[in-house]
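In what follows, a single structure is set out as structure tokens and then discussed.
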Amino acid sequence: IMAHIDAGKTTTTERVLYYTGKSHKIGEVHDGAATMDWMEQEQERGITITSAATSCFWNDHRINIIDTPGHVDFTVEVERSLRVLDGAVAVFDGVAGVEPQTETVWRQADRYNVPRMCFVNKMDRTGADFFFVLGTIRERLGCKAAVVQLPIGSESDFAGVVDLVEMNALVWQGEDLGASWDVVDIPEDMVDTAEEYRSELIDVLSEFDEGILEKFVGEEEISADDIRSAVRVGTLAGYCVPILTGTAFKNKGVQPLLDAVVDYLPSPIDLPPVEGVHPRSGDALERGAEDSNPFAALAFKIMTDPHVGKLTYFRAYSGVLNKGSAVLNSRTENKERIGRILEMHANDREDRDDVRTGDIVAGIGLKNTRTGDTLCDPDHPIVLEQLEFPEPVIHVAVEPRSKADQDKMGKALSALAEEDPTFTVRGDEETGQTIIGGMGELHLEVLVDRMLREFRVDANVGKPQVAYRETITRAVNDHRYTHKKQTGGSGQFAEIVASLEPFEDEESTYLFEDNVTGGRIPKEYIPSVDAGVQLATTNGPLAGYQVLGIKVALNDGKAHDVDSSEMAFKIAAQAWFREAMRMAKPVLLEPVMSVEVVTPEDYMGDVVGDLNSRRGRVGQMEARGSNQVVSAQVPLSEMFGYATDLRSRTQGRATYTMQFDSYQQTPGSVQEEITRRIHGE
């Protein structure tokens, strides 16, 4: 279940658990009582931070659910959940429609080809407009919408939905927390609209379903079952996205959403076999979703539990695994024994004897397994597609308050880094400080808070630091560097002639080209030149930041029969790179964020003026209901403390979201200031 922050994901999940009998009372997010938001920080802040897994039964179908965070700082949770799930429900705020993080999670789902459906939620809110939201889904997400429900009324008059498949209406009276509803005729004033949207639905389906097309052309009756099976085919193939509506908070429309999950989203056996490679030979392999096939699973999340220790969440793609048996970790090529298999319900757990195809469970005893590892049958090894995670954009220094905290802090940080692949920990050699990196201020704030609560480590936190990068602005051709060292006995000798030039590519930020001919540099030394350059790129000449966007072409060189070695060429490459970089006009790059501010019109001038003063480039401005939406690109370094500033500037009435957009060149004056600060001038 995925969406922008505050669209109602957790509230929808809580209703699903209540109506399927998994929980016996409804937990509310605003009371801090939601089952799925079990962490203390989640209950205090009223947001989801970690993805919580559970399962429930609806009409004899088992449904595995993962409720994910909407905040961009916790994007890793959405990424790993989409990698292991077969389908997704995207939840939309009935007033706001598509918001920035909606687009981000939608693109993440596109990357993993996840079939999905949309639930237009909060139809009881003032200003709710189903047709506006539908327009934003079509325009901003570019998807082929298959509208299967229409709302009856909106705001406080929202009563239920028109079912365009069965052509009837479902109305909730609201007396028993939405557990029952009446099936009635479509209200008279909606019959024409319902007819119009049903024929539009049939048009969408006839584009890819020949059975529907034939009946439509032959003017035969198209039954509800025909439509249901066509919507299912279209959803699984990615031809269309079913659109449903309701209000989870007011308990209307959740049961039909569950019916639609069963009717339209895939079960594990609907999907093509999962693909992988043999760990040794690299040959392509696949595993069909059947219990009879060899076991294959992907570990997608690690958690530290105070009672049972390390929990490894994994999704089984094929085969059966019994507790106590051994699995092969194909990354480490070592066997690990799984002590217990647990079925998780948010933070509660239930022991199981085995795990079968399609199950999502947590295992105890997998000490050396990391996020993204493949666990498989030792006799049938396979490596499944890895997970990819974004690099941190913000760093802070942390220091333990006392000597007693020093040792505990190391353990706490490594446990947190194991859980969260977007959280990094490194030591700064010059200052001796520990530097942690993450996806944003909130991300690091929550992790430092967890360090105090879960690991009892008290730490001082420095000011946030931006992860700058360096690049070059002009090419340097055939620069020669000779490394010679003679100290009795065999010496060191390596000469390289290479070119350095700017290089822009979506996929990669570094390219190495070997153009050496005639064995001028023996083949075995070429990888050492590449390795030496790559090592040197971690420490740029301007301010010691990682160097991006370069192409190195090794064109010529010399080697000595006795004195040349891999080490000599590696040292030569590092020194060559430092010299060439200084000649290539290096510049500093800074992370620039896409910022969207939703503000009442009265504060519009203030908000825009403030963004400009932060070196922001203001883009489009548009009306959304009674508010104005301002989009801008602003350097991350100018956005620290923005939440507090915006609150006081707009009396708490404006909200904003931001996410990483790209690295861009810093203006000269800013670059000078940063390099002076780094060099302590």
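A few points about this structure:
- Pairs exceeding a 21 Å alpha-carbon distance, out of Lys310/Lys411; Lys310/Lys403; Lys310/Lys408: Lys310/Lys403.
- Distance from the Cα centroid of region 535-561 to that of region 287-309 is 41 Å (rounded to whole angstrom).
- Difference of contour (0.36 nm per residue) and Cα-Cα distance, Ser267 to Lys411: 47.8 nm
- Nitroxide proxy distance, nm - points 7 Å out along Cα→Cβ at Gln433 and Arg617: 3.1 nm
- Listed peptides 187-200, 441-454, 77-90 by packing density, highest first (mean Cβ within 10 Å): 77-90, 441-454, 187-200
- Over all orientations, region 394-467 has a Cα convex hull whose mean projected area works out to 4.5 square nanometres.
- Crossing angle, helix 441-455 versus the chain [Cα axis fit, 0-90 degrees, rounded to tens]: 90 degrees
- Amide H contacts of Ala146: Val241, Ile243, each under 5 Å away and 5 or more positions distant or on a separate chain (H built 1.01 Å from N in the peptide plane; Pro and chain starts excluded).
- Highest mean first, the peptides 115-124, 476-485 sorted by other C-beta atoms within 10 Å per residue fall in the order 115-124, 476-485.
- Taken one residue at a time, the phi angles of region 623-634 give Karplus couplings (6.51, -1.76, 1.60, θ = phi - 60°) of 7, 9, x, 8, 9, 10, 10, 10, 9, 8, 10, 9 Hz. Gly and Pro are set to x.
- Remark: spin-label model distance Glu399-His307 equals 4.0 nm, labels positioned 7 Å along the Cα→Cβ axis.
- Ordering of 408-420, 280-292 by packing is 408-420, 280-292, highest average first (other Cβ atoms within 10 Å, averaged per residue).
- For region 259-272, the Karplus equation 6.51 cos²θ - 1.76 cosθ + 1.60, evaluated at θ = phi - 60°, returns couplings of 4, 5, 4, 5, 6, 10, 8, x, 9, x, 7, 7, 8, x Hz by residue, with Gly and Pro reported as x.
- Sequence of Ser564, Ser206 once ranked by neighbouring C-beta atoms within 10 Å, starting from the fewest: Ser206, Ser564
- Centre-to-centre separation between the Cα atoms of region 56-118 and those of region 383-449: 27 Å.
- Amide H contacts of Val457 (H built 1.01 Å from N, under 5 Å, at least 5 apart or other chain): Leu452
- According to the Kirkwood relation over distinct C-alpha pairs, the hydrodynamic radius of region 590-678 is 13.7 Å.
- The computed mean projected area of the Cα convex hull in nm² for the structure shown corresponds, within (i) 36.7; (ii) 31.0; (iii) 61.3, to (i).
- Degrees between helix 403-419 axis and first principal axis of the chain (Cα, 0 to 90, nearest 10): 60 degrees
- Euclidean distance between Cα centres, region 195-213 to region 594-654, Å: 43 Å
- For a paramagnetic label modelled on Gln651 (point 7 Å from Cα along Cα→Cβ), amide N atoms under 16 Å away belong, within region 592-626, to 599-607.
- In Hz, Karplus ³J(HN,Hα) per residue of region 383-391 (6.51, -1.76, 1.60; θ = phi - 60°; x = Gly, Pro): 10, 7, 4, 6, 8, 10, 10, x, 6
- Amide N proximity, region 248-290 versus Lys335 label position 7 Å along Cα-to-Cβ, cut-off under 20 Å: 279-280
- Angle between the chain longest axis and helix 224-237 axis [Cα atoms, degrees, rounded to 10]: 0 degrees
- Close amide-amide hydrogen proximity is noted between His483 and Ala494, Glu495, Ile496, each under 5 Å apart and 5 or more residues distant or on a separate chain (H modeled in the peptide plane; Pro and chain starts excluded).
- Whether region 470-584 is rounded, prolate or oblate, judged on the alpha carbon gyration tensor where a/c under 1.5 counts as rounded: prolate
- Gain in span if fully extended, Val184 to Ser662, counting 0.36 nm per residue against the direct Cα distance: 166.8 nm
All of the numbers you see were taken from the coordinates with simple rules; none came from a lab. All values derive from a computational prediction rather than experimental measurement. So basically every Cβ, Gly included, is an ideal-geometry build from the backbone, and we count neighbours across all protein chains shown.
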